[in-house]
Structures are given as C-alpha cells and as structure tokens.
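Presented below is the structure to which this report refers.
Just so it is clear, none of the values below were taken in a lab; they were calculated from the coordinates. Predicted, not measured: the structure shown is a model, and the values here were computed from it. Cβ placement follows ideal geometry from the backbone for every residue including glycine, while neighbour counts extend to all protein chains displayed.
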Ligand SMILES: Nc1ncnc2c1ncn2[C@@H]1O[C@H](COP(=O)(O)OP(=O)(O)OP(=O)(O)O)[C@@H](O)[C@H]1O
Ligand SMILES: [Mg+2]
C-alpha cells in the first residue's frame with residue numbers, strides 16, 4: 001500500500017490554480033522530495049495531505065486513509081514539521097513536547113519517557129528546561145522534528161525543514177532525519193529549496209511548477225534525462241554565427257545553448273573534450289573571457305523543467321513564518 005496517493009488533486013484560490021490535477025504515489029519507507037520555485041504549490045500540497053486544507057477537487061489517501069473522509073485517522077498516523085516554526089515560545093522544550101504528547105493522548109508514563117528519549121536524540125536534553133524563546137533557529141527546528149515524532153508516526157511531513165538555518169545546523173537536521181528513517185522505517189515527505197540536500201537524501205523527487213508535477217523520478221534518472229554528464233560554461237567576447245553548430249559537431253558535445261555572451265555546453269567527459277572546444281573556438285574571432293566546468297546537478301534538471309534556478313535570494317524570499325500549522329484534534 002502506498003504511503004501517499006493522490007488523484008487529480010486540485011486547489012484553486014480565486015483564479016489561481018495552486019494545484020492542478022496532481023497525481024502521484026509515495027511508496028512505504030521512501031524519502032520523497034518535492035522541489036519547486038516559490039509559489040509552486042508545495043505547502044498547499046502538504047497542507048492538503050496533512051488534513052489542514054481541503055482540496056477543490058480530486059482525492060488524496062495518506063497512510064491508507066482518505067484525507068477527506070478520515071482526517072482524524074490520518075492525523076494519528078502522520079507527523080508534521082511545518083514551514084512555519086510553531087513551537088510555543090513561552091514554554092520550555094520539555095513542556096512543548098509534553099503538551100503535544102497530550103494532544104495524541106499518549107499515557108503519562110510513556111509520554112514522559114518519550115519526551116526524554118526525543119530530547120536526547122535531537123541533542124536538546126541539557127536545554128530541555130529552557131524557554132524556546134531563548135533557542136536558536138536550529139535548536140527550535142530540532143525540537144519541532146522531535147515533536148513531529150512523539151506519537152510514532154508512519155509518515156513524517158517536513159515543509160522546508162532546513163530553510164533559514166545556517167549550513168552547520170542544516171547538516172545536523174539532515175543527519176537527524178536520516179537516523180530516524182533508518183531506525184524507525186518511517187516514510188518521509190519533504191519539500192526543500194536546497195537541491196544538493198534533495199539529491200543526496202531523497203530516493204525520488206517530484207518537481208512541481210505552477211501547481212503541476214513536471215517531472216518525477218530518482219535523482220539519478222532525472223539527471224540521466226538531460227544530455228551529457230558535465231556542463232562547461234564559457235563567457236565569450238562575442239558570438240558569431242556558426243559557433244553553436246561547430247561546437248555541436250564535436251563528438252561528445254550533446255547540447256549547446258547560447259544566452260547573450262554565455263555558451264552553455266552539455267557534454268560527456270568535459271575534461272577530455274575541453275581542448276577540442278578551445279581549438280574549435282580558435283577558428284572564430286572570439287576570445288574566451290571566462291570558463292567553468294562542473295558535473296551536471298539536479299539544479300540543471302530543475303532549470304530545464306521550470307525555466308528557473310533557485311538561488312540564495314530566492315531561498316530568502318521563502319517565509320518560514322507562514323505554513324501549515326500543527327494537526328488539531330478533531
Ligand atoms: N490562503 C491562500 N489564499 C490565496 N492564495 C494562496 C493561499 N495560499 C497559497 N496561495 C497561493 O497558492 C500558490 C501556491 O502557494 P504555496 O504556499 O503552496 O507555494 P510554495 O510552493 O509552498 O511556495 P514557497 O516556496 O514560497 O513556500 C501561490 O500562488 C500562493 O500565492
Ligand atoms: Mg511553502
């Protein structure tokens with residue numbers, strides 16, 4: 001049985017189709033990543049799957065239950081770490097976890113033990129009696145991950161779990177998540193703007209743009225769909241007719257895109273072909289002003305499907321003060 005299954009899921013706000021006929025499945029035990037530019041519909045999808053928002057049309061089943069007809073069953077089987085930080089600032093970490101455990105009616109003794117266990121796992125045992133108001137962003141995020149796991153969910157939804165954190169805290173959070181997956185065999189459904197993280201962590205990735213899923217596969221296979229294994233980017237002093245065709249004629253060069261004075265070349269074995277490319281350009285009256293070479297990444301896949309890249313400025317635009325709230329009791 002799939003952990004998540006949607007059929008033509010659609011959400012319309014006024015004239016805006018935030019989700020447009022989204023159909024996909026997430027298998028049990030998978031780490032599934034949702035990537036998309038700002039406003040693509042990621043939070044909307046997570047909110048519907050976590051029973052916080054109603055779809056306009058279509059269906060969604062989570063942990064085997066329909067989110068519309070059995071929301072309370074779904075809520076007991078999922079954990080949610082929302083894009084917004086929603087832990088209570090006026091309570092200590094211990095109190096936050098304890099209150100949440102009470103929502104889920106975990107018996108007192110078991111609850112208190114679980115709180116200590118989770119505080120320990122997320123490295124907050126020594127800070128358990130401090131007010132969350134005094135926490136750093138990374139500490140608060142770790143607390144919220146612990147909170148999402150208090151009732152032993154089968155599926156954990158994480159909306160931008162590392163957004164706004166410094167690189168070191170991001171690593172800590174991902175290590176934590178990986179450990180839980182291994183130990184508890186939990187299914188993970190996450191959104192992230194950080195491509196490299198998605199590439200190393202996720203078994204499969206869906207790219208969503210303007211409410212539609214435009215690609216869905218393993219990171220390796222998504223990359224294989226793009227011609228070449230490497231990318232060389234050249235900044236030239238000028239562009240002359242015929243440059244693109246000449247470069248394309250070199251065996252191993254798979255694709256050439258010219259954008260202003262930049263030539264982006266997708267190719268197999270870039271290091272090996274670089275001299276041939278330079279030789280070819282000597283035939284033209286242009287100089288190479290700048291050159292870079294790298295392996296193809298998920299970012300290239302993302303740009304191909306969405307026409308956009310995700311840069312740091314884009315990431316900063318994402319608000320972590322909005323997002324899905326905590327699951328409420330029915
Ligand atoms: N409550 C709402 N009312 C009206 N429009 C909304 C509402 N919530 C979201 N939208 C719109 O729906 C679209 C999808 O928004 P959503 O928050 O799901 O995107 P996202 O992919 O999570 O973006 P981000 O990367 O910025 O978190 C956007 O165009 C957004 O403006
Ligand atoms: Mg969002």
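Rg/Rh for the stretch 65-143 to two decimals, with Rh computed the Kirkwood way over all alpha-carbon pairs. Across the stretch 65-143, the Cα-based Rg/Rh ratio is 1.01. Pairwise inverse Cα distances across the stretch 25-82, averaged and inverted, put the Kirkwood hydrodynamic radius at 12.3 Å. Express the relative contact order of the chain as a whole percentage, based on alpha carbon pairs under 8 Å and six or more residues apart in sequence. Once divided by the residue count of the chain, the mean separation gives 22 percent. Computed over the stretch 227-295, the quotient of the alpha carbon radius of gyration and 2.2 N^0.38 Å is 0.96.
With neighbour counts taken as other beta-carbon atoms within 10 Å, the residues 139, 293 rank, fewest first, as 293, 139. Remark: relative contact order (the stretch 227-295) = 49 percent; criterion is Cα-Cα distance under 8 angstrom and separation of 6 or more residues.
Our Cα-only numbers for the stretch 62-106 put the radius of gyration and Dmax at 12.9, 36 Å.
With all pairs of different C-alpha atoms in the average, the Kirkwood value for the hydrodynamic radius of the stretch 177-219 is 11.5 Å.
Considering only Cα atoms, the convex hull volume of the stretch 44-186 works out to 111 Å³ per residue.
Secondary-structure-derived ellipticity at 222 nm for the chain, considering helices only, amounts to -10500 deg cm²/dmol, per-run term -39500 (n - 2.57) for DSSP H runs with n ≥ 4. Size check on the chain: the Cα extents along the three principal axes, sorted descending, read 79, 45, 34 Å. Taking label positions 7 Å along the Cα-Cβ direction at both residue 184 and residue 308, the computed distance is 3.2 nm, reported to one decimal.
Under 14 Å from a label point 7 Å along Cα→Cβ of residue 272: give me every residue in the stretch 223-256 with its amide N that close. Label zone hits: 228-230, 251-254. Between residue 91 and residue 279, the modelled label-to-label distance comes to 7.0 nm, taking each label 7 Å out from Cα in the direction of the beta carbon. Neighbour counts of C-beta atoms inside 10 Å place 223, 11 in the sequence 223, 11, starting with the fewest. Against the main long axis of the alpha-carbon atoms of the chain, helix 270-282 sits at an angle near 40°.
To the nearest ten degrees, helix 108-121 and the longest principal axis of the Cα atoms of the chain are 30 degrees apart.
The distance between label points at residue 99 and residue 168 comes to 3.0 nm (points 7 Å beyond Cα on the Cα→Cβ vector).
Here the peptides 205-216, 234-245 are ranked by packing, the mean other Cβ count within 10 Å, and the order with the highest first is 205-216, 234-245.
For 195, 1, the sequence from fewest to most other C-beta atoms within 10 Å is 1, 195. Multiplying the residue separation of residue 289 and residue 113 by 0.36 nm and removing their Cα-Cα distance gives an extension gain of 57.1 nm.
For the Cα atoms of the chain, what angle does the longest principal axis make with the long axis of helix 137-148, in degrees from 0 to 90, nearest 10? Tilt of helix 137-148: around 60 degrees.
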